[in-house]
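Enquirer: I have a structure here, written as structure tokens, and I will follow up with some questions on it.
The values are calculated or read from the model by the stated rules, or taken from the named source; none is laboratory data. Only a predicted model underlies this, so the values are computations on that prediction, with no experimental measurement involved. Glycine also receives a Cβ, built like all others from the backbone with ideal geometry; neighbour counts cover every protein chain displayed. Quick note on the areas: whole protein, heavy atoms, side chains included, nothing else; ligands and nucleic acids left out. Shrake-Rupley method; radii C 1.70, N 1.55, O 1.52, S 1.80 Å.
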Amino acid sequence: MTSFLSRATSTIPSSQAFHVIHRTVTKPGVLFSSVASPSVEKNLEDEIQVKYTRSNSRRLEELRAQLANEAPSIAEFASSNDEINGAENKISAIVPKRRNTILPKPKWLKAQPATSENYQRLRTTVRELGLATVCEEAKCPNIGECWGGGADSTATATIMIMGDTCTRGCSFCAVKTSRAPPPLDPEEPEKVAKAISSWGLDYVVLTSVDRDDLEDQGANHFSSVVGEIKNKAADVIVEALTPDFRGNIDLVECVAKSGLDVYAHNIETVERLQKRVRDYRAGYQQSLSVLRHVKTLSHVAPILTKTSIMLGLGETDEEIYQTLKDLRAIDVDVVTFGQYLQPTRRHLPVREYVTPDKFASWQEEAEKLGFKYVASGPLVRSSYKAGEFFLKNLVREREKGQAVSA
């Protein structure tokens, strides 16, 4: 290499030598120390630097010209809609249109509007007492129907306690998340009990955010809310839709013995999809262990256990059926099926909209397996018209008991 470079610089003009040396030099300003003549070396280095700078400048000007031809100007962005539409082709040349990842909803997904007098009354009380409801926080489509009640149906409200911010980040859930939510409100048990008694509800569902930041994960607070409700409105049926308490059986038992009537904990989806759908701290077997332990407390008080499964996340029929068998193996009493609906583009996309006929089929299968009650439909949620389902089932069980005694 040294002899070649020496011959090149001594036998050809510098303008031609540039092309020879350019093949062996990776960047200007760095030449081999063995160039024969220092003056030739300096001349070549200067010429390479000039040509390198000119080349970069030329490419920069070409890019600027290209952008000027393709991109809309600031004036175009600030102009009227008609003018913007005229520049649409220029914009799309640079940024392709964003694909809408939310599948269009089928015709059968139509909820009742939230306009009834009872709905407005419940909503006003929630605002006045500073309470949170999962119906609102999770954007439930059935809020008008559940809160509305009526002559032939039971009004049901789902109160979310322990704040409106969760310490977990499940990919299907619209509730706010934070590692350090605000502290618990010590007056919340009294506020919730006051609201329930003033509403005159037949059935109330209490749920909560996960509070992994607390030593007892909020179990004692949950228990206090249930106890206060029973003190002020003993006839109200209370369902507690609880977190998994990280599988801590003592905390599960604390809530189960609080005086509630139904202990609910959602398994959410089939085993294979757990990690994709739920927070990493949740799990299929952990949820089963919670429901299993509650059933062992039947000698203390007869508690119904309940869970819910979302469909449309990519599960198979075989996986759903296996989940039902696993739930029956630990004597879960009630199961609900509902269509998963994607809250925002940031959440897990819907894989399939399951038809009403398919939901009816799963209801039949679950009933054959021995569940005491099954609610299944596209808009069914864990607490969807829970009072109506529960009370009708109680009547059915009572009628069976009377028939046997007769």
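Enquirer: Starting from the residue with the highest accessible area, list Lys306, Lys372 in decreasing order, probe 1.4 Å.
Expert: Working: Lys306 15, Lys372 90 Å².
Sorted by accessible area, descending: Lys372, Lys306.
Enquirer: Taking amide H atoms as placed 1.01 Å from N in the peptide plane, list the residues 5 or more away in sequence, or in a different chain, whose amide H sits under 5 Å from that of Ser208.
Expert: It is Ile161, by chain and number.
Enquirer: Once the whole set of protein chains is in place, how much accessible area is left on Asp279, using a 1.4 Å probe, in Å² to the nearest 10?
Expert: The accessible area comes out at roughly 10 Å².
Enquirer: Let me ask another. Leaving out ligands, DNA and RNA but keeping every protein chain, what accessible area does Lys295 have, in Å² rounded to the nearest 10, with a 1.4 Å probe?
Expert: 40
Enquirer: Same structure again: Once neighbouring chains are kept in place and the probe is 1.4 Å, which whole percent of the accessible area of the stretch 191-290 is contributed by carbon and sulfur? Don't jump to the answer; show the numbers that get you there.
Expert: On the way: 1470 of 3600 Å².
After summing per-atom areas, the C and S share lands at 41 percent.
Enquirer: Whole-Hz Karplus ³J(HN,Hα) for the stretch 331-338, in order, using 6.51 cos²θ - 1.76 cosθ + 1.60 and θ = phi - 60°, x for Gly and Pro?
Expert: 6, 5, 8, 10, 9, 10, 10, x
Enquirer: Still on this structure, I have one more. For the stretch 191-203, what does the Karplus curve 6.51 cos²θ - 1.76 cosθ + 1.60, with θ = phi - 60°, yield as ³J(HN,Hα) per residue in whole Hz, taken in order and with x for Gly and Pro?
Expert: Result, ordered by residue: 5, 5, 4, 5, 5, 4, 5, 6, 6, x, 6, 7, 8 Hz.
Enquirer: Calculate, for the stretch 285-358, the solvent-accessible area per residue in square angstrom, rolling a 1.4 angstrom probe over the heavy atoms of the protein chains.
Expert: Working: 3090 Å² over 74 residues.
Dividing the accessible area of the stretch 285-358 by its residue count gives 42 Å².
Enquirer: Using θ = phi - 60° and the Karplus relation 6.51 cos²θ - 1.76 cosθ + 1.60, list the HN-Hα couplings for the stretch 226-236 in order, rounded to whole Hz, with x at every Gly or Pro.
Expert: Along the stretch 226-236, the couplings run 4, x, 5, 4, 5, 5, 8, 8, 5, 7, 6 Hz.
Enquirer: Same structure again: Rounded, prolate or oblate: which one fits the stretch 203-298, using the alpha carbon gyration tensor with axes a ≥ b ≥ c (rounded when a/c is under 1.5, else prolate when a/b beats b/c, else oblate)? Mind dumping the intermediate values first?
Expert: Values: a/c = 1.95, a/b = 1.74, b/c = 1.12.
Cα axes put the stretch 203-298 in the prolate bin.
Enquirer: Could you pull out every residue, at least 5 positions away or on a different chain, whose amide H is within less than 5 Å of the one on Leu103? Hs are placed 1.01 Å off N in the peptide plane, and Pro or chain starts have none.
Expert: Val350
Enquirer: Another question, then. How big is the charge dipole of the stretch 184-308 about its Cα centre, in debye rounded to the nearest 20, if each Lys and Arg gets +1 on its Cβ and each Asp and Glu gets -1 on its Cβ?
Expert: Working: 15 positive and 20 negative charges, 107 e Å.
It comes to approximately 520 debye.
Enquirer: Kindly identify the stretch 193-257 as rounded, prolate or oblate by the Cα gyration tensor criterion: order the square roots of the eigenvalues as a ≥ b ≥ c, call it rounded if a/c is under 1.5, otherwise compare a/b with b/c, prolate if a/b is larger, else oblate.
Expert: Details: a/c = 2.39, a/b = 2.23, b/c = 1.07.
It comes out prolate by the Cα gyration axes.
Enquirer: What's the tally of Lys pairs in the stretch 261-372 whose alpha-carbon atoms lie under 17 angstrom apart, where the two lysines are 8 or more places apart or on different chains?
Expert: Lysine pairs meeting both conditions in the stretch 261-372 amount to 9.
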